[in-house]
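Notes for the one structure printed next.
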2 protein chains.
Amino acid sequence: MKLNKLGESGIIKMIYQKPKDKNILVGIGDDAAVVKIGKKIGVITTDTLVEGDHFNLSYFTPEQVGMKAIEINVSDIVSMGGAPKYALVSLALRKEMDSRFIDGLYKGMRKAAEKYGVEIIGGNLTHANQIMIDIDLIGFVKKQNLSLRSDAKPGDFILVSGDLGASTAGLKLFLKRIKGHSYVKKKHLEPKAHPEKVQKFLQYINAMIDVSDGLASEVKHICEQSIVGATIYADNIPIRDETRKAAKAVNSDALDYALYGGEDFELVYTVSEKNLPKVRGYLIGEITKKKGIRICKNGKEKPLKKHGYDHFA
Amino acid sequence: MKLNKLGESGIIKMIYQKPKDKNILVGIGDDAAVVKIGKKIGVITTDTLVEGDHFNLSYFTPEQVGMKAIEINVSDIVSMGGAPKYALVSLALRKEMDSRFIDGLYKGMRKAAEKYGVEIIGGNLTHANQIMIDIDLIGFVKKQNLSLRSDAKPGDFILVSGDLGASTAGLKLFLKRIKGHSYVKKKHLEPKAHPEKVQKFLQYINAMIDVSDGLASEVKHICEQSIVGATIYADNIPIRDETRKAAKAVNSDALDYALYGGEDFELVYTVSEKNLPKVRGYLIGEITKKKGIRICKNGKEKPLKKHGYDHFA
């Protein structure tokens, strides 16, 4: 079967295998793998930026590409409840490129890394027709802070750490060469991880994930792995006026960008009713025993059918 | 400056930075990074296979691509004196590919991984125009076994764990569509890491590296990082008759393949005179106080000028 028929989740089902080593606490299928290393718990992730897909050098500076490469990986470690520490950088570059690209890229990567106390400790270098930047990020997590996709419980509230849809709005404006709209464009060019938004109450979070492929897709991941359902309150999803204006400029709906866009890198997390007063964030839904995901808009509830960005669909 | 003028070593010099965190024992510039994690010492590496450069699906099966991806990374951990444990797999695939490729690839990766007690614990999936398989491999090393590129000392002997040049010979035959020569072709299609060849005497090895870009290039890395020179005894380099015959079939010199070819994944290591009786391998040279690399052939010594495969040259 062709990969574009199978889709991302189909491919992941194909390659999934239950971990054998008892030190592997989380294997394939979450934002990061989790392994016991002596008395520590390591969190390990990898994420790739592909030229023309995740960045375009006609509107990204090399420094912005470097920052993005680090931020999206930091976000994966943060969404496990962990703190990042060491990065390896695997680069595939075109032979005829100018070395200023590497200068800018590393400047951006180091600038982002330093914010989080991360150091680049190694990597690999090869050539290709398309630029690819693959980062491996290793961090550590305290056991009580570990928050898996499979940790949501019926009755949990679903919260999101910040506004959604802006990055996709920015991308659409770049693609249609529309001027202005600096807020959404900056959100697309300089996405940020958000450890500061959750780190004071990590122990009260059940499940957590970051928004890389749209809210609908992330809630679906949590529901599938926790074997639960969810109701999303569309009217509660935080969307900035700047995002609504930008979406309107390309005749689109900002809510669609929030649900099915991506690359916002805000955190989506579930919290029990008891612990709700101990956390912050925008309450945008609840976890239900009843399977499936429903969206509630203007007081009407209907099943959510689309599920966000798929690299192969 | 264009990357093809700068070359691989020029690019690495550009991006090198001395580690700040005292737990980083080895940073950018060796086969793998080495970090203290509690009471353990972690060894972390990453290596990428790019379609058309590191493999070609007209003569590689997907299973062979998978095996190669794991073996070359295991080889990097082994050349630090370590043992591999956990792998992450970052895939960039073409959308129109058939899922049988992924089946074969994972079959090959798991087959190779199991030999070494390695488990695949995670990864990333994206699409691109050119297939790329990036593996991150994490292992552990005992302090007394750690063998860095910078650990060679004047007076050390240089040894190699097995025959060289066969993989390059195999590649040349594939490119010229010459039939037969199964030994060298298999060496190209199914390279292997060789922990078993050194593991009984790791504590007696000073510097170590694996042959990925040709013997000359690897000896140069050891010399540069250990601030020493070397003499290579060309007549002692182990080259199989099959490799000589294959080289002859394309009017080439097998010694050139051994020195400047690559992907043999045999280990090159230096050992003091005192410890020489405790190790095995082919003695192919010695480390000298005098800088530069000289090659001794038919009793004549001359400076080594070429330096093996460069991805950007």
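The values are calculated or read from the model by the stated rules, or taken from the named source; none is laboratory data. As the structure is a computational prediction, the values presented were derived from the model and not from experiment. Neighbour counts are summed over all protein chains in view; Cβ atoms, including those assigned to glycine, are modelled from backbone coordinates with ideal geometry.
General remarks:
- Taken together, B:Lys68, B:Lys85 contain a single residue that is surrounded by 16 or more Cβ atoms within 10 Å (Cβ to Cβ), more than 7 Å from chain A (Cβ to nearest Cβ) and in contact with a Pro (Cβ under 7 Å, 6 or more places away or on another chain), which is B:Lys68.
- Of the residues making up the stretch B:18-44, those that are in contact with a helix residue (DSSP H, G or I) (Cβ under 8 Å, 6 or more places away or on another chain) and within 7 Å of chain A (Cβ to nearest Cβ) are B:Ile28, B:Ala32.
- Hits in the stretch A:201-223 (condition: in a helix (DSSP H, G or I) and either aliphatic (A, V, I, L, M) or free of Cβ contacts under 8 Å to residues at least 40 places away in the same chain (or both)): A:Leu202, A:Leu215, A:Ala216, A:Val219, A:Ile222
- Of all the numbered requirements in (1) surrounded by fewer than 23 Cβ atoms within 10 Å (Cβ to Cβ); (2) on the phi < 0 side of the Ramachandran plot, B:Gly292 misses one, and that requirement is (2).
- When the stretch A:57-114 is filtered for residues that are more than 30 Å from A:Gln203 (Cα to Cα), of a type in the set (Gly, Ala, Ser) and not in a loop (DSSP other than H, G, I, E, B), the ones remaining, listed by number, are A:Gly66, A:Ser90, A:Ala92, A:Ser99, A:Gly104, A:Gly108.
- Yes/no for B:Lys192 being in contact with an Asp or Glu (Cβ under 8 Å, 6 or more places away or on another chain), part of a loop (DSSP other than H, G, I, E, B), within 15 Å of B:Ala166 (Cα to Cα) and assigned by TED's automatic domain parsing to the domain that holds B:Leu283: yes
- Going through (1) within 23 Å of A:Asp31 (Cα to Cα); (2) in a strand (DSSP E or B); (3) facing another protein chain (nearest Cβ under 9 Å) one by one, B:Leu49 falls short only on (1).
- Of the residues making up the stretch A:115-136, those that are assigned to a loop (DSSP other than H, G, I, E, B) and more than 7 Å from chain B (Cβ to nearest Cβ) are A:Tyr116, A:Gly117, A:Val118, A:Ile131.
- Screening A:Ala258 with (1) surrounded by fewer than 21 Cβ atoms within 10 Å (Cβ to Cβ); (2) part of a helix (DSSP H, G or I) gives one miss only, at (1).
- Among the residues listed as A:Ser99, A:Ser79, A:Ser75, A:Ser90, the single one being over 19 Å from the mean Cα position of the chain (by Cα) and either touching a residue at least 60 places away in the same chain (Cβ under 8 Å) or crowded, with 22+ Cβ neighbours inside 10 Å (or both): A:Ser90
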